[in-house]
Amino acid sequence: MSVQAVAVEAYREALPALGASLVGGLLAGLVLGGMRSDLQTVEGLLVLVPALLATRGNVYGSFGARLATGLHQGLIEPRVRAGDRRLRAAAAAALANGVATSLFAAAAAVAILSTLGLPVAGLGRLLGIALVAGLLSGVTLTAVVVAVVFAGYRRGHNPDTLVGPLVTTTGDVFGVLFLLIAVRTVALLLGAA
Amino acid sequence: MSTTWSVRAITRAMLPVLLILTLVELGSGLVLGRFESTLLRYPSLLVLVPVTIGTAGNLGSILAARLSTAFHLGTLSFAANDETLAGNAVATVALAASIFPLVGLGAWGLTALAGSTNLPLSTVLAVSVASGLSLAVLAVLVTVVATYAAYRFELDPDDVVIPVVTNVCDVLGVVLLYLAVLLFV
């Protein structure tokens, strides 16, 4: 294939996924733009944002890829049955890893910022925010990934090509949305920062 | 993927990588923290943050996935005149050139709808397009180096290259956004 043919094919294949993540990213940005006062009062929260968003993509992207592989190999059935042990294990592992990584990000951010002598909110508050945001976005993304991958597979779509754009789009939107809810919930429980 | 479908096995395979990637992403968080006051003063720049990170990571992961597949199929040679390599590099830059003007326009437009723009459209466009195009060039370099390293160390590029490239591109996206803001705002 010539350079031009390769480039045209790669461009056409990637554009829909990038378009989807563009929409998701802009919506996430809109929510983040509405969080200016929260970002100001909870010092260190902005430092956490990329890590929390990337965790959603890394954990649930890998969960979706695992489901896609499992469907291709016939290891799991494309139906949500509470009895499916493999599906439950993969979902539980994604949720546990997502929450654990979010908590680690909060603890590491507090450690790094205080070592550098930069202002940072209390460890308890940031851990609380990471926990609530990680749980809420984890449960939602698990449900979305399972539902879309299974429904897509039953309708004859390749689950591998669904997972990437799905997770980047919904992961960004839900990631920031539940971060907002987590900040406000923790503020209610612990009092304003 | 040969990992057993148990919570323990999946966690053992994933968690170490996740923790390392989190530290990498905290690096980009620290860069964001350096210009937090500018971001809070100009909401259209704050709106740019997630979409720049997302698009950056996506450009890198799409390129990495394509190069990994070409590598598995044996159609990738790592020579400067390799058609697969050159074609994908051209496509990445072309994708960035198509998407980042929309990123800037969208960020400015949404902020305008929310009623709080205080930067002209031309500035937001300059920031998004300059950071996006330089990002595309760096994403190509990072992906090629990471794929080549995986090949030399006999690692499966699917396991290693995609997460590394996605997260490194996230960080580069924030760094280039910071530099573009310094330059244009």
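The values are calculated or read from the model by the stated rules, or taken from the named source; none is laboratory data. From a predicted model like this one, the values you see are computed outputs, not experimental measurements. Cβ atoms come from the backbone with ideal geometry, glycine included; neighbour counts cover every protein chain shown. For the accessible areas, the whole protein counts, side chains as well, though only heavy atoms, and no ligand, DNA or RNA atoms are used. Shrake-Rupley method; radii C 1.70, N 1.55, O 1.52, S 1.80 Å.
Scanning segment B:58-80 for any residue that is assigned to a helix (DSSP H, G or I), open to solvent by less than 20 Å² (accessible area, probe 1.4 Å) and among the hydroxyl-bearing types (S, T, Y) turns up at least one such residue. Applying a threshold of 6 Å to beta carbon distances and a minimum spacing of six or more residues, or different chains, the list of pairs starting in segment B:143-163 at a residue that is within 18 Å of B:A91 (Cβ to Cβ) and at pLDDT below 85 and ending at one that is part of a helix (DSSP H, G or I) and not small (G, A, S) reads B:V161/B:T147. Are any of the residues in segment B:91-114 more than 23 Å from A:N58 (Cβ to Cβ), more than 9 Å from chain A (Cβ to nearest Cβ), touching a Phe, Trp or Tyr at 6+ places or on another chain (Cβ under 9 Å) and of a type outside the set (K, R)? Checked against the condition, which is being more than 23 Å from A:N58 (Cβ to Cβ), more than 9 Å from chain A (Cβ to nearest Cβ), touching a Phe, Trp or Tyr at 6+ places or on another chain (Cβ under 9 Å) and of a type outside the set (K, R), segment B:91-114 yields no hits at all.
Within segment B:45-56, residues that are facing chain A (nearest Cβ under 7 Å) and among the small types (G, A, S) have Cβ atoms under 9 Å from residues that are surrounded by fewer than 24 Cβ atoms within 10 Å (Cβ to Cβ) and part of a helix (DSSP H, G or I) in these pairs: B:G54/A:L22; B:G54/A:T169, counting only partners at least 6 apart in sequence or on another chain. Within segment B:106-122, if we keep just the residues that are open to solvent by 50 Å² or more (accessible area, probe 1.4 Å) and in contact with a helix residue (DSSP H, G or I) (Cβ under 7 Å, 6 or more places away or on another chain), the residue that is nearest to B:Y42 (Cα to Cα) turns out to be B:T117.
Taking B:V160, is it more than 14 Å from every other protein chain (Cβ to nearest Cβ) and over 24 Å from A:G29 (Cβ atoms)? No. The number of residues in segment B:123-139 being crowded, with 23+ Cβ neighbours inside 10 Å and within 15 Å of B:L59 (Cα to Cα) comes to 6. Quick one: which of A:G156, A:G128 is outside any helix (DSSP H, G or I) and either under 27 Å from A:A90 (Cα atoms) or of a type in the set (F, W, Y) (or both)? None of the other options fit; the residue is A:G156. Looking across segment B:123-134 at every residue that is within 12 Å of another protein chain (Cβ to nearest Cβ) and of a type outside the set (A, V, I, L, M, F, W, C), the one that is farthest from B:L48 (Cα to Cα) is identified as B:G132.
Among the residues of segment B:25-34, which ones are more than 7 Å from chain A (Cβ to nearest Cβ) and of a type outside the set (D, E, K, R)?
To start, the set of residues in segment B:25-34 that are more than 7 Å from chain A (Cβ to nearest Cβ) comprises B:27, B:31, B:34.
The answer is B:G27, B:V31.
Condition first: closer than 30 Å to A:T41 by Cβ and touching a residue at least 12 places away in the same chain (Cβ under 8 Å). Can you find one or more residues in segment B:5-24 that meet it? Yes, segment B:5-24 contains a residue that is closer than 30 Å to A:T41 by Cβ and touching a residue at least 12 places away in the same chain (Cβ under 8 Å).
Tell me the residue from A:A51, A:A14 that is over 30 Å from A:L126 (Cβ atoms), of a type in the set (G, A, S) and open to solvent by less than 20 Å² (accessible area, probe 1.4 Å), please. Full working, then the answer.
Working: A:A51 fails: over 30 Å from A:L126 (Cβ atoms).
Only one candidate passes the filter, namely A:A14.
Within segment A:134-158, the set of residues being crowded, with 23+ Cβ neighbours inside 10 Å and within 14 Å of chain B (Cβ to nearest Cβ) comprises A:G134, A:S137, A:G138.
Just one of B:T75, B:T166 is of a type in the set (S, T, Y), within 11 Å of chain A (Cβ to nearest Cβ) and farther than 27 Å from A:L52 by Cβ; which is it? Quick ask: steps written out before the conclusion?
On the way: B:T166 fails: farther than 27 Å from A:L52 by Cβ.
Answer to the selection: B:T75.
None of B:T22, B:T38 is at the interface with chain A (Cβ under 7 Å from one of its Cβ atoms), of a type in the set (S, T, N, Q) and assigned to a helix (DSSP H, G or I) except B:T22. Of everything listed in (1) open to solvent by less than 30 Å² (accessible area, probe 1.4 Å); (2) closer than 22 Å to B:L113 by Cβ, the single unmet condition for A:L30 is (1).
Go through segment B:30-46 and give me each residue that's farther than 22 Å from A:L116 by Cβ and either open to solvent by less than 20 Å² (accessible area, probe 1.4 Å) or touching a strand residue (DSSP E or B) at 6+ places or on another chain (Cβ under 7 Å) (or both). Break it down stepwise before answering.
Quick first cut of segment B:30-46, residues farther than 22 Å from A:L116 by Cβ only: B:41-46.
Answer for segment B:30-46, where residues must be farther than 22 Å from A:L116 by Cβ and either open to solvent by less than 20 Å² (accessible area, probe 1.4 Å) or touching a strand residue (DSSP E or B) at 6+ places or on another chain (Cβ under 7 Å) (or both): B:P43, B:S44, B:L45, B:L46.
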